[in-house]
């Protein structure tokens, strides 16, 4: 059962990476477009900045879920570096529980935010409602919760092939020496 869950989350992880990457790519295209439009062509467009912000929100919340699974998230280790090593498993479990609680909190309040702003149009994109733009908050939090549950049940997954793909340890020995 756990193996099926981990394989399912491999697909979810890859989807998170692709969605985040596409959002980052679109953002890097849209921002220069806005600059060129305004300063070179002399006609400022109103949509590039809000589009870049939407892409950043998507990149942040979906990418954060993937980075949690890959154990690549920001971690402050000042405290854990100073405690006895025997405490680390207990502290790791506490972090997982706190992450799960935070994910549930953001998921609940994110859905409420979406519901409250669902019918408010965005001035620059009249066909797009504000509630849609906030969807990455609860969705990203739900994905993070799935990865937290996986970590609590099966341990860190940062060494799985799909997660560790392309890291230096995957390179042949002579390629590592060239780096």
### Task
Answer yes or no as to whether residue 39 is free of Cβ contacts under 8 Å to residues at least 24 places away in the same chain, over 30 Å from residue 160 (Cβ atoms), exposed (fewer than 14 other Cβ atoms within 10 Å of the Cβ) and out of contact with any strand residue (DSSP E or B) (no Cβ under 7 Å at 6 or more places or on another chain).
yes
### Summary
The one condition residue 74 fails out of (1) modelled with pLDDT of 90 or more; (2) surrounded by fewer than 16 Cβ atoms within 10 Å (Cβ to Cβ); (3) under 22 Å from residue 139 (Cβ atoms) is (1)
### Task
Determine if the stretch 100-117 includes at least one residue that is surrounded by 12 or more Cβ atoms within 10 Å (Cβ to Cβ), touching a strand residue (DSSP E or B) at 6+ places or on another chain (Cβ under 8 Å) and modelled with pLDDT of 90 or more.
yes
### Task
Could you identify the single residue in 34, 63, 44, 21 that is surrounded by 12 or more Cβ atoms within 10 Å (Cβ to Cβ) and part of a loop (DSSP other than H, G, I, E, B)?
44
### Which numbered condition residue 89 fails, given (1) modelled with pLDDT of 85 or more; (2) surrounded by 11 or more Cβ atoms within 10 Å (Cβ to Cβ); (3) not in a loop (DSSP other than H, G, I, E, B)
(2)
### Message
Being under 20 Å from residue 17 (Cα atoms) and touching a strand residue (DSSP E or B) at 6+ places or on another chain (Cβ under 9 Å) is true for just one of 60, 133. Which residue is that?
### Response
133
### Task
Kindly indicate whether residue 30 is under 19 Å from residue 125 (Cα atoms) and in contact (Cβ under 8 Å) with a residue 60 or more places away in the chain.
no
### Query
Taking helices (runs of 4 or more DSSP H) that fall entirely within the stretch 99-165, which contain at least 2 residues that are more than 18 Å from the chain's Cα centre (by Cα)?
130-133, 136-154
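Could you check the stretch 67-82 and list, in sequence order, the residues that are without any contact (Cβ under 8 Å) to a residue 60 or more places away in the chain and touching a helix residue (DSSP H, G or I) at 6+ places or on another chain (Cβ under 7 Å)?
Of everything in the stretch 67-82, those that are without any contact (Cβ under 8 Å) to a residue 60 or more places away in the chain and touching a helix residue (DSSP H, G or I) at 6+ places or on another chain (Cβ under 7 Å) turn out to be 73, 80.
The values are calculated or read from the model by the stated rules, or taken from the named source; none is laboratory data. Predicted model, so just to flag it, every value in this text is computed and none were measured. Cβ coordinates were reconstructed from backbone atoms using ideal geometry, including for glycine residues, and neighbour counts include every protein chain displayed.
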